[in-house]
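For reference, the structure discussed in these notes is given below.
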Amino acid sequence: MDYVIEMLNIRKEFPGIVANDNITVQVQKGEIHALLGENGAGKSTLMNVLFGLYQPEKGEIKVKGKKVNITNPNIANDLGIGMVHQHFMLVEPFTVTQNIILGNEPKKKSGKIDIKKAEQEIQELSDRYGLKVDPTAKISDISVGMQQRVEILKTLYRGADVLIFDEPTAVLTPQEIKDLIEIMRSLIKEGKSIILITHKLKEIMEVCDRCTVIRKGKGIKTLDVKNTNVTELASLMVGREISFKTEKTEANPKETVLKINDLFVKDTRKVDLVKGLNLELRAGEIVGIAGIDGNGQTELIEAITGLRKTESGTIMLNNKDITNMKPRKVTESGVGHIPQDRHKYGLVLDYPIGENMVLQTYYQKPFSKGTVLNYKEIYKKANKLIKEYDVRTPSEYTKARALSGGNQQKAIIGREVDRSPDLLIAAQPTRGLDVGAIEFIHKKLIEERDKGKAVLLISFELDEIIDVSDTIAVMFDGKIVAKVKPEETNEQELGLLMAGSNKTEAGDRNGIK
Amino acid sequence: MASNKLFNILVPIISVLLGLIAGAIIMLVSGYNPIAGYTALWNGAFGDLYFMGETVRQITPYILTGLAVAFAFRSGLFNIGAEGQVIVGWLAAVWVGLAVDAPMIIHLPLAIIAAAAAGAIWGFVPGILKARLGVHEVIVTIMMNYIALYCTNEIIRSVLTDNMDSTDIIPPSASLASEWLQGLTYFSRMHYGILIALFAAVVMWFIMQRTTIGYELKAVGFNQHASKYAGMKVSKNIILSMAIAGAFAGLAGAMEGLGTYGSISVMSGFTNLGFDGIAVALLGANTAFGVVLAAILFGVLKVGAINMPTGAEVPTELVDIIIALIIFFVASSYIIRWILLRFKKEGK
């Protein structure tokens, strides 16, 4: 068999942990090879070894059959290995071309950068792989999906034959994911090979040829995707059986908890993003808001939680007007908020995880008396939540930054749910998490519902919306444009509604009444 | 990572040693005897009780300006304005010392509080401009330094005196000077201010580590978004942090005005106490305890240096070079960390 990349018995240690323990991955020419594993399983470490960012303690790497020693990313580049990072490495005020040639600029005889020539080359590359990127556009003006294509172009421009994609779909909308899959296929057609780092099983089933499963730093198995199924992959990845269908009983909605009337909210650029939104949410139900990113979801949550001023309209919580209340007042009125961006909003990453557990309650008894903090009580509470919510951390004094994404999220959920709020807002609660953590979080949301709380779920993952919600509210252009029951719809219909078609059109085209 | 704490202690110590070694090399290259130079430095700081008293006197304002910079830094703010806050604190202390007639038990605390309040106002202005209008505190504090310097000079000339360069000496009821301490140290200018400075360090530690105020201030310093999400008032915390920082620096001014000099004179330039405070805070890793240690080092170096020209014919400027080198090594602590990590790996 012809392998383009072989990583044989790789071992990489960090102080205190073995991140990669004897892992072997062999990538064939012209295949899409998935690297599947939970958060923290060691996928990224392995790829950073391949890319020359880390040196392995043991093992060898072969590229096209030849043993190589990759000590820095430049060598990886020269060997034709390119990486599309999860967090893009782009200079925002620069154009696409300027970003791509950065560090590798074609020069005229006079020493000036030959931008025209570069633009032409990039245009050609873009056309060849169907990327549809405008070489003269500024990065700050193009969408996230486009930015990712620029990253892809960057590796191609540098002559990459093997492309590593690190969780490429985490930041994309459903439509962008579809486009990306097309792009991957056309790359393969042109003779490139792809390593796809992911924990999304559906993507693997859809696009990959073979898959290597990594669990807790060990290579578990490499298998042909066509001979396996989602359930097998999931149990290999997590090490136990996973239930995919979220277990839940019929909702039993009671009195209205949240009532939003004709709400208008502007974004930071002073453009109306929420435009006359109406929404009602009752105790004991989960309402899922489906919508493409940028249709006002973020602004809606920020308006409810007091993080953003509203222009007009009212927000009532338990028949009390909370419009434009300060965040603390909103919290105290009984709102819990699992924020979309857990690093930016959910946690103070440099605080110990224990202190993060009282981020909204530190000033209350028993965590402080007067202005003096009572660390004993704080850590007692923290320990309780860490246990209850299975937050895996070396200790309660460990900085939140050091925890994996899933454990950070479990900590936030523990903190928010523990306050027992009447309204729990969960914005993309499972973003970037693996199936084990997702299962846990969904269960918790449903538990809260069953306790008679109202849950508002915002997610770009349609699976999640359909699985967890009792009612789906489709948000488009700052309004709720449709309300559907999850059992009476499907992804196609939702997709069309999210794109602005009206209900009957969408239903007709998908055979739903 | 338990080794992290060890690193935080090791890095400044190694920086200091590297700074001293580099200083020795410079002395050697310039034709001076480094051993004689450092002996003179040591004697200049600890040689006899007089020098020791002078060293303690120098340490006192350094602790306070170091706290002023460190406190603001913990909430994510760069207080480059400690210099101006020192000057207005000094002025306020002397002003109250001269203008008020009261028994010591009222007069002295009043003068000290006036200094802290003046410094706090000088910190409050950049704080509120940052919080409300987003003006960067570095720019405003630098400008506030000049405003403090020239306004103070003008007030000394035309309000406190009749076109003189220096005010009268404050009455004993407002003075921190102590005959007992002076007698103990062969009439150095050591005064009771060191107790205030050490107390201030304890106050900073307490606020930062033990109170909800400190919890908020640090949270705002680490992550404003999460602080806002958690219901903290970000702008209030920015203003508060700058005001408290300013109060610390204002106290440093009181040390000079009520302790060391007992008066205030027209200044041709900055006192540098505030600017040195930036280095003290950096070397002390922005913690209260670290600031005290760093202030001791700076006090020793500054006072000891005075003895270098007479003791070893080494110019005092050399001490400034050594201090600069120490700061350089602290700032480039990354290199030291890297070397330490290397050693650790090979040791395994």
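Comparing B:G259, A:V474, A:G414 along the charge dipole axis of the protein assembly as shown, the residue lying farthest to the positive side is A:G414, per the Cβ-charge model.
Once you reduce the range B:193-272 and the range A:277-344 to the center of their Cα atoms, the two points are 37 Å from each other.
Between A:K384 and A:F88, what's the calculated FRET efficiency when r is the beta-carbon distance and R0 is 30 Å? Round to 0.05. The calculated FRET efficiency here is 0.15. The residue among A:G313, A:N502, B:M144 whose Cα reaches farthest toward the positive pole of the charge dipole of the protein assembly as shown, with charges on the beta-carbon of Lys, Arg, Asp and Glu, is A:N502.
Computed from the Kirkwood radius of its Cα pairs, the Stokes-Einstein diffusion coefficient for the range B:53-307 at 20 °C and 1.002 mPa s stands at 119 µm²/s.
Relative intensity of the protein assembly as shown on a log10 scale, I(q)/I(0) at q = 0.10 Å⁻¹, equals -1.21, per a Debye sum over C-alpha point scatterers of equal strength in the absence of solvent.
One compactness figure for the range A:15-97 is 1.23, namely its Cα radius of gyration divided by 2.2 N^0.38 Å. Charged neighbours of A:E38, selected by a Cβ distance under 14 Å, balance to +4 (K, R count +1; D, E count -1).
Legend: ranking of residues A:H343, A:H33, A:H199 from fewest to most surrounding C-beta atoms inside 10 Å; resulting order A:H343, A:H33, A:H199. The magnitude of the dipole of the protein assembly as shown, with charges of +1 and -1 set on the Cβ of Lys/Arg and Asp/Glu and taken from the Cα centre, is near 1180 debye.
For the range B:53-307, the number of Lys pairs separated by eight or more positions or lying on different chains, with C-alpha atoms closer than 21 Å, is 8. By the rule of a C-alpha distance below 21 Å, with chain neighbours fewer than 8 residues away ignored, the lysines paired with A:K109 are A:K117. In chain B, Cα pairs under 8 Å separated by at least six residues give a relative contact order of 36 percent.
Nothing charged except the Cβ atoms of Lys and Arg (+1) and of Asp and Glu (-1): what's the magnitude of the dipole of chain B about its Cα centre? Round to the nearest 20 debye. Could the numbers behind the result be given before it?
Numbers: 18 positive and 17 negative charges, 381 e Å.
For this selection, approximately 1820 debye.
If you average the alpha carbon positions of the range A:76-137 and of the range B:1-75, how far apart do those two centres end up, in angstrom? Comparing the Cα centres of the range A:76-137 and the range B:1-75, I get a distance of 50 Å.
Based on alpha carbons, the Rg and Dmax found for the range A:313-377 are 14.3, 44 Å. Counting only DSSP beta bridges whose two residues both lie in the range A:55-178, roughly 55 percent are antiparallel.
Each of A:K107, A:K479, A:K178 was scored by other Cβ atoms within 10 Å of its Cβ. Listed from fewest to most, they are A:K107, A:K178, A:K479. Of all lysines in the structure, those lying under 16 Å Cα to Cα from A:K221, and not within fewer than 8 positions of it along the same chain, are A:K43. Each Cα pair under 8 Å and six or more residues apart adds its separation to the average, and for the range A:352-458 the resulting relative contact order is 23 percent. This model, with +1 at the C-beta of Lys and Arg and -1 at the C-beta of Asp and Glu, gives the range A:37-170 a dipole about its Cα centre of some 560 debye.
Taking other Cβ atoms within 10 Å as a rough exposure proxy, B:I170, A:I181 sort from fewest to most as A:I181, B:I170. Measuring against 21 Å, Cα to Cα, the residue pairs A:K344/A:K453; A:K248/A:K444; A:K29/A:K226; A:K64/A:K192 contain A:K344/A:K453 as the ones spanning a longer distance.
Summing charges over neighbours of A:T393, with a neighbour being any other residue whose Cβ is under 14 Å away from its Cβ, gives +3 when K and R count +1 and D and E count -1. The loop-placed GluC sites (Glu not before Pro) in the range A:248-343, going by DSSP, that have at most 10 neighbouring Cβ atoms within 10 Å of their Cβ come out as A:E250. Projecting the Cα atoms of B:S75, B:L293, B:M164 onto the dipole axis of the protein assembly as shown, where Lys and Arg carry +1 and Asp and Glu carry -1 at the beta carbon, places B:L293 farthest toward the positive end.
Counting only aspartates and glutamates at least 8 places from A:K266 when in the same chain, those with an alpha carbon closer than 18 Å to its own are A:D293, A:E299, A:E302, A:E311, A:D477. Reported to the nearest whole Å, the Cα centre-to-centre distance from the range A:9-51 to the range B:81-127 is 62. Counting every alpha-carbon pair across the range B:191-302, the share separated by more than 26 Å comes to 28%. Computed on chain A, with alpha-carbon pairs under 8 angstrom and 6+ residues apart, the relative contact order is 14 percent. Other residues whose C-beta falls under 13 angstrom from the C-beta of A:K275 contribute a net charge of -4, scoring Lys and Arg +1 and Asp and Glu -1.
Values in this text are rule-based calculations from the coordinates and carry no lab data. Computed from a predicted model, the values in this text were never measured in an experiment. Reconstructed Cβ throughout: ideal geometry from the backbone, glycine too, with neighbour counts over all protein chains shown.
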